[in-house]
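Below: one structure, written as structure tokens.
The values are calculated or read from the model by the stated rules, or taken from the named source; none is laboratory data. This structure is a prediction, so every number in the text was calculated from the model and none was measured. Reconstructed Cβ throughout: ideal geometry from the backbone, glycine too, with neighbour counts over all protein chains shown. Protein only, heavy atoms only, side chains kept; ligands, DNA and RNA dropped before computing areas. Shrake-Rupley method; radii C 1.70, N 1.55, O 1.52, S 1.80 Å.
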Amino acid sequence: MDTTTVVLVVAAAAVLACAVAVAVRLVRTRRELRRAGLPTGPRWVFWGAVLYLVLPADLLPDPVYLDDVGVLLLALRSMRGSLGAGSPGATSRRPDREPADDYAP
């Protein structure tokens, strides 16, 4: 084996390990949100990201897992975004709306 092949194999293994770590984090986040009774966002986002990682049909060939990591990170961000929108202490992102707690009767 020459040096270039070894470097490519090590890089592919590192990116695969990163993809698996993000997938585990996504599953744990969803499990913790469901256990706490908080919104997890659309169900298809979670399952779509997991299937994109597992299925061989990708935008980039499978030794390059960068697209898989990107899809998993977007799903994780979507789940965390739905947490912020559904929590009782969440504030509106629109600057033209006033929070309801500021009004005193």
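So here's what we get for this one:
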quantity: The listed residue being exposed (fewer than 13 other Cβ atoms within 10 Å of the Cβ), at pLDDT below 85 and touching a Gly at 6+ places or on another chain (Cβ under 7 Å), out of Ala57, Ala85, Ala90; calculated: Ala90
quantity: Test: residue in region 1-23 that is over 14 Å from Arg80 (Cβ atoms), loosely packed, with under 13 Cβ neighbours inside 10 Å and of a type in the set (Asp, Glu); calculated: yes
quantity: Region 29-49, residues that are open to solvent by 30 Å² or more (accessible area, probe 1.4 Å), farther than 17 Å from Val71 by Cβ, in a helix (DSSP H, G or I) and not small (Gly, Ala, Ser); calculated: Arg31, Glu32, Arg34, Arg35
quantity: Test set (1) assigned to a loop (DSSP other than H, G, I, E, B); (2) touching a residue at least 12 places away in the same chain (Cβ under 8 Å) - Leu73 fails condition number; calculated: (1)
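Per-residue answers, yes or no, for (1) at positive phi; (2) modelled with pLDDT of 85 or more; (3) not small (Gly, Ala, Ser):
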| residue | (1), (2), (3) |
| --- | --- |
| Ala13 | no, yes, no |
| Val20 | no, yes, yes |
| Ala23 | no, yes, no |
| Val27 | no, yes, yes |
| Glu32 | no, yes, yes |
| Gly41 | yes, no, no |
| Trp47 | no, yes, yes |
| Val50 | no, yes, yes |
